[in-house]
Every structure is written in C-alpha cells, then in structure tokens.
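Enquirer: Right, I'll just put the structure down here and ask away after.
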Amino acid sequence: MREQSPQADTPLALVIGATGSIGGAVAAALLAHGWRVRAMNRNPAAARRDAAGLEACDWVRGDAMVEADLVAAAQGAQIIVHAGNPAGYSGWAKLLPPMMENVIAAAKASGARILLPGNVYNYGPDAWPMFTETSPQNPKTRKGAIRVALEQRLIRAARDEGVRTLVVRAGDFFGPISASSWLTEGWVRKDKPLTAVALPGPAGIAHDWAYLPDLAESMAQLADREAELEAFALYNHRGHVVTGEEMFQALQRVAGRKLKRQSVPWFAMAVASPFVEMLREMMEMRYLWDHEVVMDNSKLVAELGAEPHTPLDIALRRTLEGQGCLKPSVRMAA
C-alpha cells in the first residue's frame, strides 16, 4: 500500500458510482491504499450520510450524464473509476454510451486513466470454458453487446485519443454491500433469514464468483502502478470458482444448519419477465449457469504476484450478514 503523504502529493481518484456495490468497494480500497477519493453524486449530502465507510471521501455534486460536471469533478485526478450503472439494468442501451463519452471527455481534460469494472457478459458460448483476456467476444445478450461496445470505444480512445484505460473483468459479484447480485437475488433472498438455496443450474457445473472487496483490492493494486501499465490494460480477476454443490455446502456451513435445496423457478421468471425488467435481464444470463465459467487470471497474477483472496466461507459470512440473511456474529478471521 501507498505510504501516507501530504495531501498535495497524494494521488486523487474520481469515483463515479461510489454509492453502488463495485464503486463503493473500489473507493474503500483506494482510501486504504492512501489515495484521496473524490466521489461524484447528484445528491452528495445524502450520499455522504448513507455510504457507510466512505466518510473520508470528498463528495461533490455532479451528474455523470452531464459532460461539464464530469470534466470539473475530474480536475487533478489520476484515475477515474467508472462504476456508474443504471440500477436493475434499466436503460443501459440509452444511458451507458453517452455516459462513457462524458467519462472519456473528462479523462482527456484531466489526463486521468479510466478504470472500468468488467464482467463475463462480454463472452458467449464460443469462449467456454476458460475466459482469457483475448477470448472471442460474441455475447448472446443485449447487456453483453453493450459491454463489448463500451470496451471497444475505450480501445479506440486509447489508440487514437491518448485516453489510457484499465479494465478488470470478473465473474458474478457478491459482497456485504450489493444492491443487485445473483447470490442475493437468485440463490438466497436478501433481508430474509437464510433457510433455502435456489440453484440456477446443474449442481456439478463450476461458476466464477468475485467477492467485491477482493476484486476492489486487485483494482487498487493495479491503480497503484497505473503509470506502468499499457495504454489499454486488461486483466481478469478469478475470484472463487466453485460448483453449485460446493456453493450450497459452503452456505450450509456458514449458516450452521441444513438448508432447503431448490431450483431457480425459470418458468415462473419467464412468465413474469415481460413485466419485470430485472427478471427479464436475469433470464438472459441463464446460459452462464448451464456451462462452466472460469476466468483465467494468469496475467493478473503475473502483474501482482498473487490475486487478493478471502476464503469462501468468510466471504459468504460477511456477505450474508451485510445482506440481512444472517445475524451478525463474531468476525471470522481472514
């Protein structure tokens, strides 16, 4: 981690989406590494009050859909963390491309590197089972096509406009603070006592999960050495690769009791999906649960020496306590 230094010499990161799950985790990790963090929000007073653990951020007013707001907020920044996503997948096609253009404009004005959290949406069946940074990107979903287009725009910006970018892709996110996660939207129910687990695919299929604090730590370590990275730098974070059965058994261990095993009610979700956008978007991702999904992190390990990793049971315990599924207990040692 960086040693503390006078504020004028301390690097500055602008975080867009600090009130969200990945944005908040990256902001916290950067603060722990000694960065100054400026967090932009349309209502900074409310964000400062509600974003637990981010009191040390400098909260400023701004809208990521307004270029001038982003350019002003990015002044003096070395990193712009672009973690702004419309909630529940709503409006991705309409909002994300112009938001990206605003982020690029802010990076050009400030000279900052863009840090974009990525995911497995970019990949289709022709990339099974091991996803590398250079695997083909032929997604089956609308969300995947949008993510690919955003990354391709950043590649052009790095090549033609001098805008440096860092993309870190990972599997399904989960963590103590997460508004939307397959773990607590599909497998278990947030804010409900943990009594049952719904498996979305075959129990023997391996799936890649990214514990948000670990993913954020990977990003913070890369941010510390961003000046040494390629103009368009891309890394995979592996996280936890476990089968459905292994995840079920881990949830039972953490709960300390037998849990009811269920299957995700895909048919009922399909019936309701025309009326509920979140369900419709979750239905699109079903194919990722029917096939093995593993991120190849060899490039990240070569860069950092090791990938940050919290043992699965500890990560699940912290997540389920934070999501209101388990009562807080004595903290498990990492």
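Enquirer: Looking at the chain only, what percent of DSSP beta bridges run antiparallel? Nearest 5 please.
Expert: 10
Enquirer: Per residue of the chain, what 222 nm ellipticity follows from adding -39500 (n - 2.57) for every DSSP H run with n ≥ 4, rounded to the nearest 500?
Expert: -11000 deg cm²/dmol
Enquirer: Sticking with this structure for a sec: With equal scatterers on the alpha carbons only and no solvent term, can you work out the Debye log10 of I(q)/I(0) for segment 1-153 at 0.11, 0.16 1/Å?
Expert: The Cα Debye sum returns log10 ratios of -0.45, -0.90.
Enquirer: If you average the alpha carbon positions of segment 183-261 and of segment 16-75, how far apart do those two centres end up, in angstrom?
Expert: 25
Enquirer: Now for a separate question. Under 8 Å for C-alpha pairs, at least 6 residues apart: give me the relative contact order for segment 63-208, rounded to a whole percent.
Expert: Worked out over segment 63-208, it gives 20 percent.
Enquirer: Moving to a separate point now. Looking only at ALA77, ALA107, ALA302, which one moves most when the chain is put into a Gaussian network model with springs between Cα atoms under 10 Å?
Expert: Its mean-square fluctuation being the largest, the pick is ALA302.
Enquirer: Another question about this same structure. Among the listed pairs LYS143/LYS192; LYS143/LYS299; LYS190/LYS258; LYS140/LYS190; LYS108/LYS299, which have their C-alpha atoms separated by more than 20 angstrom in this model?
Expert: Too far apart for the 20 Å limit: LYS143/LYS192; LYS143/LYS299; LYS140/LYS190; LYS108/LYS299.
Enquirer: Going highest first, how would you order 256-263, 290-297 by mean Cβ packing within 10 Å?
Expert: Averaged packing, sorted descending, gives the order 290-297, 256-263.
Enquirer: Can you give the FRET efficiency for ALA72 and ARG225, using 1/(1 + (r/R0)^6), R0 = 45 Å, r = Cβ-Cβ distance, to the nearest 0.05?
Expert: Taking R0 as 45 Å, the efficiency between ALA72 and ARG225 is 0.95.
Enquirer: If you don't mind, another one. Among ALA52, PHE173, ALA109, pick out the residue whose Cα is farthest towards the positive end of the charge dipole of the chain, where Lys and Arg carry +1 and Asp and Glu carry -1 on C-beta, about the Cα centre.
Expert: Farthest towards the positive pole: ALA52.
Enquirer: Place a +1 charge on the Cβ of each Lys and Arg in segment 56-167 and a -1 charge on the Cβ of each Asp and Glu, then give the dipole magnitude about the Cα centre in debye, rounded to the nearest 20.
Expert: On the way: 12 positive and 10 negative charges, 49 e Å.
The calculated dipole for segment 56-167 is roughly 240 debye.
Enquirer: Separate question: Based on the mean of other beta carbon atoms within 10 Å per residue, what is the order of 58-64, 159-165, most packed first?
Expert: 58-64, 159-165
Enquirer: Evaluate the chain: find the radius of gyration of its Cα atoms, find its Kirkwood radius, and give the ratio Rg to Rh.
Expert: 0.95
Enquirer: Let me ask something additional. Estimate the FRET efficiency between SER298 and ALA45 by the formula 1/(1 + (r/R0)^6), using the beta-carbon distance for r and 45 Å for R0, to the nearest 0.05.
Expert: Calculated transfer efficiency: 0.50.
Enquirer: Considering only C-alpha atoms, what is the centroid distance from segment 95-115 to segment 284-334, in Å?
Expert: 29
Enquirer: How large is the Rg to Rh ratio of segment 173-260 when both quantities use alpha carbon positions and Rh follows Kirkwood?
Expert: Over the Cα atoms of segment 173-260, Rg/Rh equals 1.08.
Enquirer: Work out how much length ARG142 to ARG286 would gain on full extension: take 0.36 nm times their residue separation and subtract the Cα-Cα distance, in nm to one decimal.
Expert: Result: 50.5 nm gained on full extension.
Enquirer: Now for a separate question. Can you give the translational diffusion coefficient of segment 106-166 in µm²/s, computed by Stokes-Einstein from the Kirkwood radius over Cα pairs at 25 °C and 0.890 mPa s?
Expert: 196
Here, each number is a calculation from the coordinates, and none is a lab measurement. Everything numeric in this text was worked out from a predicted model, so none of it was measured. Using ideal geometry, Cβ is built from the backbone for each residue, glycine included, and neighbour counts are taken over all protein chains shown.
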